[in-house]
Each structure stands twice: as C-alpha cells, then as structure tokens.
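Below is one structure; the comments refer to it alone.
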Amino acid sequence: MTTDTEEPPLTIDELAARAGVTVRTVRFYGTKGLLPPPVIGPRRVGHYGREHLARLALIEELRQQGMTLAAIERYLRQLPPDLTAHDLALHRAVVASWAPDTVETVTRAELERRAGRSLTDGEVERLAAMDVVRTGSGDAYDVDLGLLRLGVRLLDVPLSQEAVLAARKVLVEHSRAAAHELAQLFRGEVSERGTRDVKSLSAHMHPLVVQALLTTFQRSLKEELGEWLTESGSG
C-alpha cells in the first residue's frame, strides 16, 4: 500500500511517533471509530497512511481546543468520508486558527521530525517567509505547530513564493473580515445571557462555524476553478 503521495506505509509505532502520541492512544481512537482501520499486510501487520496521520493530527488539535471525546466524534461524523490527507490538514489548520498561538522552540532535528521530512535550508527559509518558522539563536527555531503541517505541504505546491504569500494575505484578510462579522452576530445573540450560557454557545458554535467556513470555501473555490477551466477550454 502507498499513500496519495507514494510514501511508504507506516506501522502503528511509526504512526504514533510521527503524531507525537502513544501507541495506546492510536489503538484507543481506533476502537472508538475515530481512526479508520489499517490495511492488513503480510504477517498481519497493520499499515497506516497519510490520511491516518492527518486525521490523528486533527483529533489531537480538537482535543487541545478542549473538545470532549463525544464532541470530537460528532465533528468527525459530519465530515465527508472521502477526505484526503490534504483536506484533513486544511480542517486542522482552520481549527488551529481558533486557538492561542502554539509556538514551541525546537532544534533543527526536532523541527524535521515534527514536519515529517528532512528540510533543506531553502525550505526552512520558505517556511520562515510564511511565518511558520522563526529562526532563533544557534540551532533553535520558534515553530507555529498549528501551521507547520500545512506549511510543509505548501512547499510541494508548484507555485512561486510570491503567489503563496499573496494567497496567504488574501485568506487572512477575508478570514478576519468573516470572523468580525460572525462575532458581531453572535454578540447580539448572547448580549442578554449569562457567562455560562455564552461559554456553552461558544463551545457548540466553534466546530460548526469551522466546518461551515471550510465547506463554503471549498465549494466556492471549486466553482471558481471550474469556471476558469471552462473559459480556458473555450478560449
């Protein structure tokens, strides 16, 4: 079995190490149905792919947001069943955007371990330009863990650095505008309620808004690209 990027499959130990969790945690998520079962290879060894790793990263991100296991189960059930590792990484990036900055100072070796691949100096510079990594003193790097996986995937996108940064600027500006409008809307709804009700509403709306934003964006982008391809084909 190979993944969508032709990478070799992972054993459960390798999957746990890449995700920064224990093997027991991986098995627990599997029994709860949060992770799809592995592909059973020779000698009855389970093989995991990029989708497993991306889904596991999303689960851990939701946990760090304070969501209960039941809430995570509901969130994952609402996702389309055929999401790729890239789609799951986008979901995680959107979820992470609701959290406080998760910046850690790591060594170059740890940076590459968290990235899941070796990085050239040029690639580290590109990650720094995307504000994912900041160089510190010596061999230290300040890394935004919420954006690292997405930033690493962008390294393989056949776009210039200028185009990637311009796209990031567009997304940030429009996301902030949407967040402002939504905050104003919700503020009006909860202005007369107590603190406990406000927190409860926030906990329920959080995953729903994240999923709605991502789904709406994916559909809009698909329509725009479809129109562009149609125009190109008729030109």
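Each value in this text was obtained by applying a stated rule to the coordinates, not by laboratory testing. Just so we're clear, the structure is a prediction, and the values are computed from it rather than from any experiment. Neighbour counts run over all protein chains shown; Cβ positions are idealised from the backbone, glycine included.
A few comments on the model shown:
- Taking the convex hull of Cα positions in region 117-159, its mean projected area over all directions (nm²): 3.1
- Peptides 33-46, 67-80 ranked from most to least packed, by the mean per-residue count of other Cβ atoms within 10 Å: 67-80, 33-46.
- In a simple Cβ point-charge model (Lys, Arg +1; Asp, Glu -1; nothing else charged), region 17-97 has a dipole of about 380 debye relative to its Cα centre.
- Packing-based order for 13-21, 167-175, using average beta carbon neighbours within 10 Å, highest first: 13-21, 167-175
- A crude spin-label estimate for the pair A109 and L165, with each label 7 Å from Cα along the Cβ direction, gives 3.3 nm.
- Estimated vicinal HN-Hα couplings, Hz - region 9-17 in sequence order (Karplus 6.51, -1.76, 1.60; Gly, Pro = x): x, 10, 7, 5, 5, 5, 4, 4, 5
- Taking amide hydrogens as placed 1.01 Å from N in the peptide plane, the amide H of V39 sits under 5 Å from those of H47, each at least 5 positions away in sequence or on another chain.
- Mean Cβ neighbour count within 10 Å, used as a protection proxy, ranking 128-134, 216-222, 59-65 highest first: 59-65, 128-134, 216-222
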